[in-house]
Every structure is written in structure tokens, then in C-alpha cells.
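Read-outs: derived from the displayed coordinates by stated rules, not from any lab. Remember, it's a predicted structure, so these values are computed and weren't measured experimentally. Note that we place each Cβ from the backbone using ideal geometry, even for glycine, and neighbour counts take in every protein chain shown.
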Amino acid sequence: MNILVAGTGYVGTTTALVLAEMGWNVTGLDVDQNKIRLLQQGSIPFYEEGLEVLLKKHLQSGRIHFTSNTDEAIKDNDVIFLCVGTPSRSDGSADLQYVKQLAEEIGHNMDSYKLIVNKSTVPVGTQIKVTDWIRTAQLYPHPFDVASNPEFLREGKALTDALYPDRVIIGADSPQAASILKELYQTMNCPFVITTPNTAELIKYAANAFLATKISYINELAILCDELGVNVGEVAHGIGLDPRIGLSFLQAGIGYGGSCFPKDVSALLRISNVHGIPLSILEQTESVNQTQYLYLITKARERLREFDGKKIALLGLSFKPGTDDIREAASIRIARRLLAELAHIRVHDPVAKLPPELLHDSVTFCSTPEEAVEDVDAVFICTEWAMYQSIDWERMKESMNQANLFDGRNLLDAKRMKALGYYYQGIGNS
Ligand code: UGA
């Protein structure tokens, strides 16, 4: 079985490499020729630990190839994974233009049976649309199936998540499609859920929306914790030991970001509105997340009286550690607000770069956290990179103008920081 993975973003590149690792012959396809050139040379176009080693291994084993020749790639492969982007439109709905374009190219170029597997996060009903788009573009009525096989990998842990998933969801309405996918994943030692394509598509949104809701719940509770003098981390641990609740995704902070939760929550809300079935809990999940960062801003403004003319260090830009991805990152919201209130910002991140909107006279990018905190009136921790925990905070204090710490990820030990002489404000742990 020859496999084509169309789209070489996080999901596509990881899927292609994991399938090669499982022993299949894989071709990665992308219209972006620069990306293809980098991949052919053994470089991953984004930061994700472990991927480059696997890429080099399978370029050498000959089990992975990359191309930007769509027509040939479709003809040469039996199973085609769709891993192209589904960005948000301004109304929150998912934009399927890349999925549609690819479906039409598949229809146009196929010359034998193909199984098309959708891994991109798409609205319920997309499998039916893809089937129609392919059929309409077909020059000759070759048989094909379209299945849904959502991906649950996290950025920063992409390889482990994809190699050892909790479950494999297969949404297929033909036994042939389900059995090809089962064969493909035969080495995976986890539960398989074989269901309809619509159900598989909804499972993906429902999973991300549930996790986002857990985060917004603990984030709101954290603010109450500060008021009550209770530590939210202890509350999370105390409730999380109940297996019905679980310990994960109860880390309070300045809100969730990334390319998935914000986009998927808003897409699911859009689907619910279109069907006239409001998901009111999810509406609150979104609205709590949009304002969560303001809690820390308000606390900092109270402490500094105003930001005008103040120097502030932002430690961490990426939406979480282990990635250089800054999409929907809370750090950017904080930076935007501080700039609007005329602060000077000194930024550090070990891998992420400043986005164009922060290329500003009042923003300095620093190569070390030590450099970032020099002479500042406050430090905001926006991403819980482990390196910020091992900083010599005692020494750092000496180089700051004022020792104010606003810990947006509850990374540091509040008691210790206070004992070192810092004014410390976290989210529900102060
Ligand atoms: C998320 C899901 O976790 C994956 O299962 C899914 O496959 C992926 O979206 C996707 O749809 O492609 P990801 O966006 O990479 O993965 O990152 P997460 O680890 O889920 O974190 C998302 C955000 O939530 C981050 O900003 C993180 O800082 C925040 N978060 C997470 C918290 O604020 N508290 C927590 O307890 C956990």
C-alpha cells in the first residue's frame, strides 16, 4: 500500500513520518515548494522535537519522499490523507477551500480505487461534501471511499502522541475503507472506535471543546481562589484525583491558545448556531478565555499604577512550551495591551520569534531571560518554559528596577519568590 499525505504542516508531517516508522511507503505532498525542498534536505520547517531525527532516518531508509507534483502523487498512491489547513473564517466557521481544491484534484487525476482519509479538523458533514467534490471532478467513475480519521496529537508532543495514541477513531461508511485503515494502524496498541464519518468528525470538535472547557473552568475558579486565599493548584489536585474528573488540563493560567482550541471552539459554536442548538457552556468557555489575560494585566496595573513609560519583560511568546507556534498566544494579547498603554517591552523566548505586529520601537527581543529582565519594572511569565524555573531569581532581582513578578502560568513557587523579596502575583496561587 502506497500512502500519500497531502499537506506538510504539524499534522501532515507527523502523520507521514509515523506511517513511515510503521513500515509504510509514504509520500508527503505540498504546494509550497520551499517546504518540500527543506523536507527533502532533512529539515523540518517548524520546531517540534524528535521529528528531524525521524525524517533523516526515513529519507535514508527510502520510506519517505516529498513532492509538489499533485497529479503524479495522486496517481501513484492508494491511500490519500488530507492534512491541509482549515483556517477560521471571520464568522468562526472553518474554511474548507484547501480541502475542496484537493478533493477536486483527486477526482480529476484518479485512475484506480482510492481511499481518501480526512485528518484535518472539519465540520460535521464534510465527508459527504468531499465525496461530492471528488465525484463531480471525476473524468471516469473509478470507485473510491472517503473516511474520517481525526488526529489528536498535541504540538510539542506530536511524535509521542501520534506513535502512541489513546484511541484511533475511524469514521467510514464502507467496510472496505474501515478494513484498509485497520490494516494501516494494525501495530497500534489502543482502542479503535469504528463509527460513521459524521460521528468521527464531531468527536474531534467535542474533544477539543471539552478540554478547552476544563481550562476555562479552572481559570475562572482560580480568580475566586485568589479572592478566598485558596491555592488553585491544590484544588485541581484534590478534584483531579477523582478519575471521573482527571488530573490533566486543570492548569490555571492566562488562557488557552494555539491553532486548535480557539479555532475549534469557535467552529463548533458556529455549527451549533447554524442548527439553532445553542451550546451555552461552550459560549462561556470562549468568553472566559478571551478575557482571562486581563486579570494579570489588571493586577499589574494596580501595582504599577500605570504602564506608560514602564519597562516590562515578557518571558515566553509561544502558546505553550515545546513549540515555536505563537498563533493565538496569550503573550501576544498581553504585549498588544501593554503597547497600547505605552509600556516598553523586553521579550524572550527560547525558540519563538517576534511576529511582525510586535516589530515595534517599544519592543526589544532579548537572547536570554537575564538580558530581558535588565532594569524592568515587572516581569510577566507568559509561557511555562522549564528554563524559566531554573533561572537564578535571587540574582535576577538585582538587575531589575522593581521586583514585580506576574506569573501567568503559575510556574514559580509563590512562597519562595515572596521570600526572595518579590511582589508575586499568579493565577489563583498567590
Ligand atoms: C490540542 C489538543 O490537546 C490535541 O489533542 C489536538 O489534537 C490538537 O489541539 C489539535 O486539534 O490539533 P495543542 O493545541 O497542540 O493540542 O495544545 P494543548 O497541549 O492542548 O494546549 C492548548 C492550550 O491550552 C495551550 O495554550 C496551553 O497552554 C493551554 N492549557 C493546556 C492550559 O492553559 N491549561 C492546561 O491545563 C492545559
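Put simply, the amide H of ASN25, placed in the peptide plane, has neighbours under 5 Å in ILE3, leaving out anything fewer than 5 places away on its chain.
Under a 10 Å cutoff between Cα atoms, tell me which one of ILE312, ILE271, ILE74 has the largest fluctuation in the Gaussian network model of the chain. Its mean-square fluctuation being the largest, the pick is ILE271. Between the Cα long axis of helix 175-184 and the first principal axis of the chain there is an angle of about 60°, rounded to the nearest 10.
How do SER259, SER93, SER120, SER399 line up, fewest other C-beta atoms within 10 Å first? Don't jump to the answer; show the numbers that get you there.
Details: SER259 20, SER93 17, SER120 25, SER399 12.
Least crowded to most crowded, the residues run SER399, SER93, SER259, SER120.
Run the dipole for segment 2-195 about the Cα centre, Lys and Arg Cβ at +1, Asp and Glu Cβ at -1, nothing else charged, and hand back the magnitude in debye, nearest 20.
Values: 16 positive and 23 negative charges, 38 e Å.
Magnitude of the dipole: close to 180 debye.
Which value, in Å³ per residue, describes the convex hull spanned by the Cα atoms of segment 352-430? Numbers along the way, then the final one.
Working: hull volume 7.6 nm³, N = 79.
Cα-based convex hull of segment 352-430, divided per residue, equals 97 Å³.
The Cα trace of segment 43-110 gives Rg and Dmax of 15.4, 45 Å, the first to one decimal, the second as a whole number. Please report the relative contact order for the chain, taking Cα pairs under 8 Å with a sequence separation of at least 6, and give it as a percent rounded to a whole number. After rounding, I find 12 percent.
Have a look at PRO262, PRO243, PRO143 and tell me which one the Gaussian network model of the chain (Cα, springs below 10 Å) gives the largest fluctuation. Greatest mean-square fluctuation among the candidates belongs to PRO243. Put the Cα centre of segment 360-401 next to the Cα centre of segment 1-61 and the gap is 36 Å.
Can you sort LEU221, LEU54 from fewest to most other Cβ atoms within 10 Å of each residue's own Cβ?
Details: LEU221 17, LEU54 20.
Ordered from fewest to most neighbouring Cβ atoms within 10 Å, LEU221, LEU54 come out as LEU221, LEU54.
Ratio of Rg to Rh for segment 117-177: 1.07 [Cα atoms; Kirkwood radius as inverse mean 1/r over pairs]. Placing one equal scatterer on every Cα of segment 2-195 and applying the Debye formula, the log10 ratio I(q)/I(0) at q = 0.09, 0.11 Å⁻¹ is -0.30, -0.45.
When DSSP beta bridges are restricted to pairs lying wholly in segment 196-430, around 0% turn out antiparallel.
In segment 196-430, taking the dipole from charged Cβ atoms about the Cα centre, the farthest positive-side position among GLN284, MET417, PRO356 is held by GLN284. Highest mobility in the GNM of the chain, judged by mean-square fluctuation with C-alpha springs under 10 Å and restricted to HIS237, HIS65, HIS348, is found for HIS237. Each residue of segment 381-392 was assigned a 3J(HN,Hα) from its phi angle through the Karplus expression (A = 6.51, B = -1.76, C = 1.60, θ = phi - 60°), giving 9, 9, 9, 8, 5, 4, 4, 6, 6, 8, 5, 7 Hz with x at Gly and Pro. Cross-link partners for LYS418 among the lysines, with Cα-Cα distance under 18 Å and sequence neighbours closer than 8 places in the same chain left out: LYS299, LYS397. For a straight C-alpha distance cut-off of 17 angstrom, the lysines reachable from LYS320 (same-chain residues fewer than eight places away being disregarded) are LYS157, LYS214, LYS263, LYS353. The alpha-carbon atoms of the chain define a convex hull whose volume equals 151 cubic angstrom per residue.
Based on DSSP H runs of at least 4 residues, each adding -39500 (n - 2.57), what is the mean residue ellipticity at 222 nm of the chain after dividing by all its residues, to the nearest 500 deg cm²/dmol?
Computed mean residue ellipticity for the chain: -13500 deg cm²/dmol.
Toward the positive end of the charge dipole of segment 1-77, with +1 on the Cβ of Lys and Arg and -1 on the Cβ of Asp and Glu, the farthest Cα among GLY12, GLN41, LEU29 is that of GLN41.
Which values, in whole Å and largest first, are the semi-axes of the equivalent ellipsoid of segment 196-430 obtained as the square root of 5 times each eigenvalue of the Cα gyration tensor?
Working: eigenvalues 203, 85, 49 Å².
Each semi-axis is the square root of five times an eigenvalue, giving 32, 21, 16 Å.
How far is the Cα center of segment 255-279 from the Cα center of segment 154-227, in Å? Value for the Cα centre distance between the two parts: 16 Å. Under 17 Å of direct C-alpha separation, and excluding same-chain neighbours fewer than eight residues apart, LYS182 reaches these lysines: LYS114, LYS119.
With 10 angstrom as the radius, rank VAL351, VAL146 by how many other C-beta atoms surround their C-beta, starting from the fewest. Could the numbers behind the result be given before it?
On the way: VAL351 14, VAL146 29.
Ascending Cβ contact count within 10 Å gives the list VAL351, VAL146.
Here the chain carries DSSP beta bridges of which approximately 5% are antiparallel, counting only pairs with both residues inside.
Counting only DSSP beta bridges whose two residues both lie in segment 2-195, roughly 5 percent are antiparallel.
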